[in-house]
Each structure stands twice: as structure tokens, then as C-alpha cells.
Amino acid sequence: MIYADGSVFLLQGKNYSYAMRVTKTGFLQQLHYGGKITKDDIAYLATIGDTMAPREDDINMDCALDGMMSEYGFYARGDFRDPTAIFARRDGAVMTRLRYKSYRVTTGTPGLKGLPHVRKADKTLCVTLKDDFSDIEVELMYSVSDDSDVLVRGAVIKNVGKTAIEIKKAFSFRIDLPNGEYSMMRLGGTWGRERCPEVAPISHGITRIQSLRGASSHQTNPFAAIMRKDCTEECGECYGVQLMYSGSFAITAEWAQNSPLTIQGGINDVDFSWKLGAGETFTTPQTLLTYSDCGLGGMSRSISRFILDSVVDPKYAYADRPIVINNWEATYFDFDNDKLFAIIDTAARLGIDTFVLDDGWFGKRNNDFAGLGDWTVNADKLKGGLDAVIDRCKKNGLKFGLWFEPEMVNEDSELYRTHPDYAIEKVGVTPVRARQQLVLDFTRKDVVDHIYHAVSKILKAHDISYVKWDMNRNITECFSDKLPAERHGEFMHRYILGVYDLAERLTKEFPNVFFEGCAGGGGRFDAGALYYFPQIWTSDVTDGYERTKIQWGTSMCYPLSAMSCHVSVCPNHQTRRTTPLVTRGIVASLGAYGYELDLSKLTEEEKETVKELTATYKKIRRIISEGDMYRILDPYTRDYFCEMVVSRDKSEAYVAGERVLCIPCDYNRYVHLRGLDENKTYRVEELDITASGAALMKAGLLLPKIPDFHAWTWHLKECDNK
Ligand code: GLA
């Protein structure tokens, strides 16, 4: 619901309210973002707002705007906090002071051209601010849905003058939270340890998380939770801040003198600039803001629901995801028809439905020194080409998927030999190589067109139902010889726009192909990527214990079905750890399930286990994709891991857990379930017991006594039996 009258604005979601007003001096002041209030409360909030807003006589004083809770921060005119945006006029002057001009309310949500965006919302409020000193207008967008706790923010910068200006910073949003004690949770890590939650108090100065890698990165996800002092997993208030953006980003929290806590973020402003010609507009990526008064768990459930309902392609959001067998860890580059056929034939007997042929099928790709960029099948390696493999899949009733890394090129490739200028390289500078590859210059339309034609040619010529889109290195030498020197600061954003353009064209042209995202594991796992790819390879680490931590962290702000999770062999290729096959299966079942090993080399007993795990997953995959997830035992701090998913009608639940390391004399420990209906009676299938939701949540269940790295599941079904 949106109430707007030109002086007051009130946005109402499911459990939150967001109030703003125009001050007497024309500034857009934030009054409240938090639990629900009504329109009648605004007069009271305005009287408090008056004490912080500058009066007419004060607006030219320094610090006049420094303490005001405002919707957009500007530069060099009395607000000394980090600006939300910086604009330079033709004479070089950068001072700005934006004041209210007009508003409009539209039905639905604006579809952003060229950027991933929220697909639906009930209503959108657009408030236009006008700069006092230049011909710049900024339209602030707020999309709201009655049944959601996610508020979508974004901004459009307009040059309404007759000369070009330079945008030096263009964050997507700003919120000010009242002075108080807050902590920030960020999801940090590295390759193989993506998205580890870390909580630290926000102190004076600027707390900043960012990526400068040209991708949202393994190291820092474009997400932060701003937590009030008393916020825990289950209780208290927090705000999720999540960018729908896959490129270099920044999110900052600034606490300056007595000012409110200012949160803002968007495209990373380091080395960013954008020349905006007369009459042109610049649209920032969208941001998802989520309010929760049920702790981090409530926040995660609201975000997951929203991403599935409004970000992921509706055709796939709640559809049964393919159960994949991928050959990467089974063969790496060393495969031929026989090896692949053995895997395919076995997969079919074990209930798996899709075979994905990973890296190594194209060009001279027999190792990672050659072939990237040459998207033609290596017929020396695959006798009979892709069709031979596809036919084998079909005979076995399997669908076929294929790996691409569209943004990359090896110097040892036909593409590089023919078009060396397609690679990002600065003439005269030795390029930085990573995994022996260079990045293609996706700021150039001709380069994106070339790759589009090469990939779509393969997709048209063969019966392919699944694509794994990988991206295995970050960007260095961020220059394009085709961009004029004064536009060099546009490079990083233009690169990701090129990626989005290719993703948009391919997903539109091939709507029946399921695209999975990947970036050397989980290096581009973000809400922008989920607009094109309904699921993303979560991490290259599939170890039965390490994965519990990665999936736990990822679940903070992404749905379970967005996480691609595979069972691989032991000792694990990354950690050398051995965990039981069942454990690996149970951990992978908390996501989009699959395998990544040579099935044909398993013992008959192991094959039987794989068959059972796959059959069990088929029974629970509906609840995994539709249900609400509760994090129960944190593997970072506990010697157990446990998560559970409850169906929306609360008639069913799936609990999956793992004993990490046993400790002596550790008897009779209970775990309290969550999210059930207190008044329903449930049967726990594995334990053959019946108990009320109240008992299971308030008294709990005894944790199983199992050895290190063993796992268990409990299926709960509502029953009449009292
Ligand atoms: C990346 C991916 C892997 C695999 C390899 C292939 O590392 O994360 O799953 O596809 O590339 O080169």
C-alpha cells in the first residue's frame, strides 16, 4: 500500500512501514523504517523530524543537513556524510543539493532495460528530486507489495540540461536508521569458503563491503544484514540490504558524530564515472531492502520467498529442478565417449534425470591452456560429436546439459588468433592471466554478438535442455580500446551490462533451456544473476562438512532451490576429507540436488545408496523449493549442523542434520524444532513417534548419537492421531 499526497509518503508492506515527508525547506526526509505504523502517526513523526530538518534561514549553513535522516545524500553542501551520488557539471563543480520536485504512483514495478529487475510488485512510488545548482534530476523508486517485507529501491539520474555532465558516483539507495547500536552481518570468504556469515558491531566511521573484481565475488557477497543490538537468529529487528547486481559493488554503513546510521550501496564508485549527455538518463541497479522483527531467520524467509516470487523466472521458480550428473570431478578434461557413456548408463539406472557435460568438449580444450572462445565441438575427443552423447542420454531417458564459459578466451584459441583485440588487454602492458585465460571485452557489442552467435548456434543445432554458464576469473586491466579516454570509468559497469545483454538474449531465445550460473564455484552468486539463472553452483567445495557452512551462509539471503548442490567422491578433491556417502547426499538435499562423480566406478552397494538418496530427494524436492527454511544448529559455532524446511501449510517438514565432531560425555541433547504449527500433531517417520508441534518446538527432540560427520533426516507429517 502506498499513501502519497505530495508532502507525506507512507509505504506499507506486510510487516513494515516506511515513512517520508517533504520538509518545509523542500528536502525529502526519512521519518521511519521499521515496524508497522499508520498514517495517523505521521504528524507525530513530523514533529520529531522538524527538530532535525534545517529551517529556511539555516539551509546555507555548514552541517545544516548533516544530522537529518534523508532519502538521498549529496555532496559539498552541508551534508558531510558519504554522498549517495556525485555529479560534476561541465565547469567541474560538484556541489549538489537535491530538493523535492514531484511524485507519481504507478501500478506494478518498472521493468529496467538492460538490468535484472524485480518482475512484480503491487505499486511503485517515484519521487523526483531536482538539484539546486545543475540540470540534474534524480527519480527515487520504491516498489511495494502488500504481502511482502521486501521494499525495492532504485534511482534514475536524468540530465535535463543542454550539456553533458559526469556522474562520479551513483549508488542505488540510502536509508538512515535512528541513532543506536547496530551490528552488520556480511557474507565473506574466498574460493571454496563462500558466504561465511560474520557479525561485527558498526562503530564510528565507515564500514564498507565491496568487490572490485568485476563480479559480485567469492570474497564478499552484495548483501549485508543491519542488526539491532538484540537481534538473534529468531528474535529482534534487522534489515537485509541486497543488491540485484553482479558486478563490482559497494555497501556502506556510516556512523558519523551524532547522525543516524546511514546505509547505502550500489555500483562501486572506485574508478567509476559515467558521461551523461543532454537528455540522457542513467539507471542504477535495484536494491532489495527487507525488514524483519523475527531475527535473521525471518529476514531470510522473507527474502527467499520474494526472490522466488518476484526475481526468478516464473517458469522455473517453483518447478522441479533437474537432478544432474555432472562429469567434471569424474573426468576433468580427460574423457572420451566410453567414459561418458558409462556414467550416463549408470545414471539412468539410479533415477538421475540430466547429464551435464562440463568443460573440455570444445576447441582444443584438453587442459586449461587452450580452447576457451572456440565454441565448436572437439570431434577428435567426442566421436560422433555432441549428438553421440545426446543420443546416448536419450536412449537412457536422460536430458542433456552443456558447459560454457562465454566471457573468456585462451590465447591459444582460434578466437584469439583471429580477434586478439576481443580480449581485455592494454597494448604494451603484460596482461594478468588467471587460470591461463583472458577476459573478453564485453563492453563491446560486437564481442557480445560474436559469442551470442557461437553459443546459440550450438543450442540450435542440438537437443540441449540445460546450460551451465561459468566464469572463472576476475577482471584486471579494466580498459577498452574502443571506449574514449573520458569514458574509461564506465568500463566495469559496461562489462556487466554486456553479460546481462548476452544472458537476456540467450534466455529469451531459448526459454526451454534451463540456465545455471557458476563462477569458479560461487563467485557470482547474487540476486541479479538469479534473474537469469534460477540456480547457481554454490561452491566448488562439495565436502560433506564444509558444504554445511557454505549452504548455511548462503541461506541468509538466497532460497534453498537457488543453491546447486552435488554429491562428490571421497576423499574429497578439495579437502581430502572422507565423509559417508549418505552424509553428502543429505547435505546436498538441502538445495538443487545432483552428483559430480564417476557413478560407473561406485560399488553396487554405493549405487544402491545413490538410488535411495535420489528417490528420497524426489519425495522432498517440493518442500525444498516451496517451503520455509529454519536454521536450527549453526555449524560455525556448534558441533552439530541442522536445518529444517516446513511446507507452507505446515502439514509437513523435512529436518536434515549432521554430527560434526563428537565430544565425550555428551548425552541427551535436545534440539528444538521451529516453524511447525503448535496445534498440529506430527508423526516423525524415522523415529516412529508422534508429538504435537508445541512439544517438538518447546520440548524438542533428542539429537541422535552418531559418529563424526554422520548425518540424519527426520520427515514430519501431520497426522490425526492425538
Ligand atoms: C569451474 C567450475 C567447476 C567446473 C570447472 C571447469 O571451476 O566451478 O564446476 O565447471 O570450472 O573448468
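The values are calculated or read from the model by the stated rules, or taken from the named source; none is laboratory data. Computed from a predicted structure; not experimentally measured. All Cβ positions, even for glycine, are placed from backbone atoms using ideal geometry, and neighbour counts span all protein chains on display.
Can you name the residue in the range 313-342 that is surrounded by fewer than 19 Cβ atoms within 10 Å (Cβ to Cβ) and of a type in the set (Lys, Arg) and is also farthest from the ligand (Cβ to nearest atom) among such residues?
315
With respect to residue 675, determine if the residue is assigned to a loop (DSSP other than H, G, I, E, B), of a type in the set (Gly, Ala, Ser), touching a strand residue (DSSP E or B) at 6+ places or on another chain (Cβ under 9 Å) and within 27 Å of residue 196 (Cβ to Cβ).
yes
Quick check on the range 460-487: of everything there that is in contact with an Asp or Glu (Cβ under 8 Å, 6 or more places away or on another chain) and modelled with pLDDT of 95 or more, which residue is farthest from residue 117 (Cα to Cα)?
Checking each candidate, the answer is 462.
So which of 91, 82 is out of contact with any Gly (no Cβ under 8 Å at 6 or more places or on another chain) and not in a strand (DSSP E or B)?
91
All but one of (1) without any contact (Cβ under 8 Å) to a residue 40 or more places away in the chain; (2) more than 16 Å from the ligand (Cβ to nearest atom); (3) of a type in the set (D, E, K, R) hold for residue 280, so report the exception by its number.
Result: residue 280 passes all but (1).
Check whether at least one residue in the range 331-351 is aromatic (Phe, Trp, Tyr) and closer than 20 Å to residue 588 by Cβ, and report yes or no.
no
Quick one: what pairs do we get from the range 311-334, first residue over 29 Å from residue 360 (Cβ atoms), second outside any helix (DSSP H, G or I) and more than 16 Å from the ligand (Cβ to nearest atom), C-beta under 6 Å, 6+ apart or different chains?
Matching pairs, first to second residue: 312/534.
Identify, from the list 132, 147, 122, the residue that is of a type outside the set (Phe, Trp, Tyr) and more than 32 Å from the chain's Cα centre (by Cα).
Answer to the selection: 132.
Going through the range 343-373 one residue at a time, which ones are on the phi < 0 side of the Ramachandran plot and more than 16 Å from the ligand (Cβ to nearest atom)?
344, 345, 346, 347, 348, 349, 350, 352, 353
Of the residues that make up the range 124-136, is at least one small (Gly, Ala, Ser) and more than 21 Å from residue 300 (Cα to Cα)?
Yes, the conditions are met somewhere in the range 124-136.
Spot the failing condition for residue 110; the list is (1) surrounded by fewer than 16 Cβ atoms within 10 Å (Cβ to Cβ); (2) at pLDDT below 90; (3) of a type outside the set (Lys, Arg); (4) under 30 Å from residue 442 (Cα atoms), and only one is missed.
Checking residue 110 against (1) surrounded by fewer than 16 Cβ atoms within 10 Å (Cβ to Cβ); (2) at pLDDT below 90; (3) of a type outside the set (Lys, Arg); (4) under 30 Å from residue 442 (Cα atoms), the one that fails is (1).
Which one of these is aromatic (Phe, Trp, Tyr), touching a residue at least 40 places away in the same chain (Cβ under 8 Å) and within 16 Å of the ligand (Cβ to nearest atom): 510, 515?
None of the others qualify; the one that does is 515.
Name the pairs whose Cβ atoms lie under 7 Å apart, with the first residue in the range 379-408 and without any contact (Cβ under 8 Å) to a residue 40 or more places away in the chain, the second more than 16 Å from the ligand (Cβ to nearest atom) and part of a strand (DSSP E or B), and 6 or more positions between them or separate chains?
385/377
Please work out which residue is farthest from the ligand (Cβ to nearest atom), limiting yourself to the range 381-436 and to residues that are part of a loop (DSSP other than H, G, I, E, B) and among the acidic types (Asp, Glu).
Looking at residues that are part of a loop (DSSP other than H, G, I, E, B) and among the acidic types (Asp, Glu), I get 425.
So how many residues does the range 345-373 have that are surrounded by 18 or more Cβ atoms within 10 Å (Cβ to Cβ) and of a type in the set (S, T, N, Q)?
Residues meeting the conditions: 2.
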